[in-house]
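The values are calculated or read from the model by the stated rules, or taken from the named source; none is laboratory data. Everything quoted here is computed from the prediction, not taken from an experiment. Cβ: placed from backbone, ideal geometry, glycine included. Neighbour counts: every protein chain shown. Heads up: the accessible areas ignore ligands, DNA and RNA and are worked out on the full protein's heavy atoms, side chains in. Shrake-Rupley method; radii C 1.70, N 1.55, O 1.52, S 1.80 Å.
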Amino acid sequence: MSSSRNNSDRASQQDARAWKALTGTKYTASLRQVESPLAQGFLGDRFSARTLVAVLDDHPVVGSRGGAPVLGDNGMHDTDPWRFGTKTDLVDLALVIEALRLFTPTTEAEAGVNSYRFKHTVEKLLAPHCSYVTNGRLIWAAAALGLPLVETESGGPNLLIGISQVEHDYVRQLVDGGTPPTAHHHRPGGLDHLQDSLARCLAGTPVGPRWVPPAPVVVATPFHDWLTTQTDRNDLVGDIARDYVGGIEHNIKSISVSAGDFLKGLVAVWPAPEVYDAAVSAIAEWFVASPHAEPVRTKALSRTSEEVPGWGAGAGDMERIVFACPCGEGEVVEEHDNIPGFREHSVNLWCGRCRGEWDFAPGRSVRDWGLVPV
């Protein structure tokens with residue numbers, strides 16, 4: 001047997017003894033929980049039961065530090081003893097830790113997710129593996145992970161947990177059983193892996209390797225950055241900016257990197273004419289503020305190509321590519337006569353409304369056309 005396996009076995013035995021001492025659970029039952037497939041870590045290494053036990057004594061917020069217990073099942077300042085006694089107490093805590101690992105930690109000053117609300121989110125996310133989580137155990141797991149913990153102004157049993165509010169709200173919207181998110185910019189990176197691992201455990205199939213977070217990629221979002229600064233305006237552009245920001249916060253609108261992204265997302269829901277007009281006004285201002293920004297490209301609708309014999313110089317084809325116009329009621333049509341001796345290329349905007357509001361950006365080829373507000 002290898003030394004690493006010996007060390008692993010020894011660590012499991014030490015964890016089982018620590019859990020037995022805290023809870024009064026038999027050693028064999030404690031070891032069974034330590035070695036459960038659900039407690040081996042999906043988004044990180046297996047979490048030590050000894051660390052969990054130590055938190056209740058040593059943590060600066062929830063630790064007793066030699067005095068009376070500070071934390072119990074009901075939360076902070078709970079004087080009742082912990083209610084241990086099931087065969088899954090430790091496994092459930094390990095699963096709660098995995099759920100907490102999903103979320104990006106914040107600073108203590110930014111901690112804003114209420115532990116009682118958070119525990120309901122975790123219950124729904126982990127069901128049926130762990131369908132009930134006490135407020136105190138949620139706080140306990142967060143403390144063990146080193147997440148910021150802040151007491152509420154009321155000083156009651158709940159704490160504020162330092163994890164990303166927008167990521168939490170996304171997951172809560174996903175698991176609540178209501179309208180699911182339609183935009184996924186706030187989706188935690190490890191969520192798919194955690195859900196797949198839990199499903200594999202439920203089916204009794206092997207779980208894949210632990211999740212490795214991808215390297216962060218910074219994507220420039222110039223139009224988004226500009227539009228979100230317009231929310232204080234008392235005009236149509238301010239209205240459209242506030243609606244956009246609200247949609248981002250509630251996961252019903254995707255982040256618009258460019259003005260073209262914003263327009264496509266808007267037209268897809270067939271906005272009222274005044275909403276569309278406000279959007280065009282906002283885009284027009286954006287191009288004034290950013291004259292070198294990429295012009296708007298609209299959604300491609302169809303592409304056809306007809307073979308023709310040619311007229312003495314060889315065969316070719318006539319290509320026609322149709323795009324939606326900016327308002328969605330007309331078309332932008334590219335036509336290419338790819339015939340030797342008769343090569344012609346054109347692009348036209350076939351929409352009475354858009355012709356008065358949009359023009360082709362100068363200096364671009366037919367295949368690289370783009371539109372800017374007039």
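In this structure, does VAL374 turn out to be exposed (fewer than 12 other Cβ atoms within 10 Å of the Cβ) and β-branched (Val, Ile, Thr)?
Numbers: exposed (fewer than 12 other Cβ atoms within 10 Å of the Cβ): yes; β-branched (Val, Ile, Thr): yes.
Here the answer is yes, as VAL374 does meet what is asked.
Is there a residue in the stretch 173-196 that is over 14 Å from the mean Cα position of the chain (by Cα), closer than 30 Å to ALA279 by Cα and either at pLDDT below 95 or open to solvent by less than 70 Å² (accessible area, probe 1.4 Å) (or both)? Within the stretch 173-196 (the criterion being over 14 Å from the mean Cα position of the chain (by Cα), closer than 30 Å to ALA279 by Cα and either at pLDDT below 95 or open to solvent by less than 70 Å² (accessible area, probe 1.4 Å) (or both)), the answer is yes, since at least one residue qualifies. With respect to the conditions (1) of a type outside the set (Ser, Thr, Tyr); (2) open to solvent by less than 50 Å² (accessible area, probe 1.4 Å); (3) assigned to a loop (DSSP other than H, G, I, E, B); (4) closer than 15 Å to ILE139 by Cα, PRO60 lacks only one, and its number is (2).
The C-beta contact set for the stretch 207-231 (first residue surrounded by 11 or more Cβ atoms within 10 Å (Cβ to Cβ), second residue among the charged types (D, E, K, R), distance under 7 angstrom, 6+ apart or interchain) comprises VAL207/ARG200; THR231/ARG242.
Among the residues of the stretch 32-71, those that are over 30 Å from PRO128 (Cβ atoms) and among the small types (Gly, Ala, Ser) comprise ALA54, GLY63, SER64, GLY66, GLY67, ALA68. Among the conditions (1) surrounded by 17 or more Cβ atoms within 10 Å (Cβ to Cβ); (2) small (Gly, Ala, Ser); (3) in contact with a strand residue (DSSP E or B) (Cβ under 9 Å, 6 or more places away or on another chain), the only one that ALA18 does not satisfy is (3). The residue of the stretch 233-265 that is surrounded by the fewest Cβ atoms within 10 Å (Cβ to Cβ), among those that are without any contact (Cβ under 8 Å) to a residue 24 or more places away in the chain and more than 28 Å from HIS168 (Cβ to Cβ), is ASN234.
Restricting attention to the stretch 71-90, does a residue exist that is of a type outside the set (D, E, K, R), assigned to a helix (DSSP H, G or I) and at pLDDT 95 or above? It would help to see each step written out before you state the result.
Looking only at the stretch 71-90, we keep the residues that are of a type outside the set (D, E, K, R), and these are 71-72, 74-77, 79, 81-82, 84-86, 88, 90.
Remaining after also requiring assigned to a helix (DSSP H, G or I): 90.
Now narrow it down to the ones that are at pLDDT 95 or above: 90.
Taking every residue of the stretch 71-90 in turn, at least one turns out to be of a type outside the set (D, E, K, R), assigned to a helix (DSSP H, G or I) and at pLDDT 95 or above.
Screening ARG32 with (1) more than 26 Å from GLY208 (Cβ to Cβ); (2) out of contact with any helix residue (DSSP H, G or I) (no Cβ under 6 Å at 6 or more places or on another chain); (3) open to solvent by 60 Å² or more (accessible area, probe 1.4 Å); (4) outside any loop (DSSP other than H, G, I, E, B) gives one miss only, at (1).
The number of residues in the stretch 272-304 being surrounded by fewer than 13 Cβ atoms within 10 Å (Cβ to Cβ) and within 24 Å of GLY238 (Cβ to Cβ) comes to 6. Every condition in (1) crowded, with 17+ Cβ neighbours inside 10 Å; (2) out of contact with any Lys or Arg (no Cβ under 7 Å at 6 or more places or on another chain); (3) touching a residue at least 60 places away in the same chain (Cβ under 8 Å) holds for HIS77 except the one numbered (1). Within the stretch 35-44, the set of residues being crowded, with 18+ Cβ neighbours inside 10 Å and not in a loop (DSSP other than H, G, I, E, B) comprises LEU38, ALA39.
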